[in-house]
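Reading through the structure tokens given below for one structure.
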Amino acid sequence: MNGSKLSRLLLALAVVGLALVLDRGAPPTRVLSATIAPTTTVREVAPEQIGFFSDCDNATTGSVGCGPPPARWVGGTVTFCIAPVGRPAGLADADFRAMIAEAAATWSRQDAGITVQISGDCPDAQVFGNFRNEVGWSQDLNVTDSNRAAATVGRWRTTLGGAEKTFVEADLTLSVRYALEIPRQCLRAVIHHELGHALGLGHSTTPNDLMFASFNPNVLASCVTTPSEEDRQALQSLYGTRRSVAFGSIPPAGASGLLVTPAAASGSDIVAGLGTAGCRAEVIGVLRGGQWALFIVGAPAQANAAFPATLPEATPFYARCGT
Ligand SMILES: [Zn+2]
């Protein structure tokens with residue numbers, strides 16, 4: 001592959017809009033694939049702008065189901081599994097999992113009302129249309145678009161006469177060919193960017209944004225893994241603001257885990273925040289002087305008296321989620 005081609009590697013947005021119009025029987029379905037002009041210069045863009053996934057701004061066919069309002073997930077948590085086949089042999093399984101977990105954690109701590117969870121391996125191969133959100137691999141991405149390092153496809157349901165759009169599925173597919181050719185930092189950036197699409201974000205016009213549509217593998221600074229303030233605000237515009245209560249993977253129902261406060265929080269703040277992330281907290285605990293101080297949800301106040309009134313920022317704490 002020549003240098004100019006590499007420099008034009010693009011993160012592509014592919015959209016399948018499934019508009020379920022409630023009063024019209026079978027929904028129209030369109031496949032909207034991306035055609036993105038190569039980005040070779042830094043553009044001077046006055047107002048910074050990040051679109052939404054459901055804008056279908058890169059559409060090459062039709063616009064059924066595209067346009068406002070932006071599609072978003074409901075419920076506060078979206079879960080992805082890792083498709084078990086297709087990973088390039090040169091990329092260690094543990095490294096790949098760590099990159100996905102890192103991207104999930106990054107988007108989960110933008111103080112927006114959405115948490116990204118990774119459930120582990122999917123039960124079988126990646127299939128778009130199975131209502132499961134999958135992260136997988138493809139040999140074929142470069143056949144349809146030689147610049148494409150990854151693609152995200154999503155579909156959504158339109159309800160309330162078009163007043164709401166809710167995602168029903170989003171799949172991330174990474175190019176087997178490029179995964180090992182680009183620097184690891186850029187592969188991390190690709191996964192962060194695609195996960196941003198899967199949460200409902202479109203492309204940014206500004207190169208330093210995570211949602212900018214292209215990167216240059218020869219310029220590591222273009223491989224962004226930290227959301228800009230604009231990326232963060234775009235996510236918050238979809239899901240509202242929520243002061244996060246925890247860094248780390250929120251434990252699934254029936255499990256426990258160790259988390260970290262991103263900001264000062266009380267026991268009840270943590271319980272409420274875990275609730276919005278899908279964890280019905282039963283017990284939270286913190287080590288004080290070598291002993292566990294517990295906050296037991298629903299217990300009389302004196303049982304919780306040993307728990308600190310406020311946990312400072314960056315305090316590790318234990319949480320158990322009920323079933
Ligand atoms: Zn993109």
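The values are calculated or read from the model by the stated rules, or taken from the named source; none is laboratory data. These numbers were taken from a predicted model, which means no experiment stands behind them. Reconstructed Cβ throughout: ideal geometry from the backbone, glycine too, with neighbour counts over all protein chains shown.
Out of segment 168-194, which residues are among the hydrophobic types (A, V, I, L, M, F, W, C) and within 13 Å of the chain's Cα centre (by Cα)? Hits for segment 168-194 are ALA170, LEU172, ALA189, VAL190, ILE191.
Report yes if SER256 is over 25 Å from PHE167 (Cα atoms) and in contact with a Phe, Trp or Tyr (Cβ under 6 Å, 6 or more places away or on another chain), otherwise no. Steps first, please.
Details: over 25 Å from PHE167 (Cα atoms): yes; in contact with a Phe, Trp or Tyr (Cβ under 6 Å, 6 or more places away or on another chain): no.
Spelling it out, it is not the case that SER256 is over 25 Å from PHE167 (Cα atoms) and in contact with a Phe, Trp or Tyr (Cβ under 6 Å, 6 or more places away or on another chain).
Matching residues to (1) among the small types (Gly, Ala, Ser); (2) modelled with pLDDT of 85 or more; (3) within 20 Å of THR79 (Cα to Cα):
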site	(1), (2), (3)
ILE182	no, yes, no
LEU187	no, yes, no
LEU195	no, yes, yes
HIS203	no, yes, no
SER214	yes, yes, no
LEU235	no, yes, yes
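Quick check on SER249: is it under 30 Å from ALA314 (Cα atoms), within 14 Å of the ligand (Cβ to nearest atom), surrounded by 16 or more Cβ atoms within 10 Å (Cβ to Cβ) and of a type in the set (S, T, N, Q)? It is false that SER249 is under 30 Å from ALA314 (Cα atoms), within 14 Å of the ligand (Cβ to nearest atom), surrounded by 16 or more Cβ atoms within 10 Å (Cβ to Cβ) and of a type in the set (S, T, N, Q). Taking the conditions (1) surrounded by fewer than 16 Cβ atoms within 10 Å (Cβ to Cβ); (2) in contact (Cβ under 8 Å) with a residue 24 or more places away in the chain; (3) not β-branched (Val, Ile, Thr) in turn, GLY289 satisfies each one other than (2).
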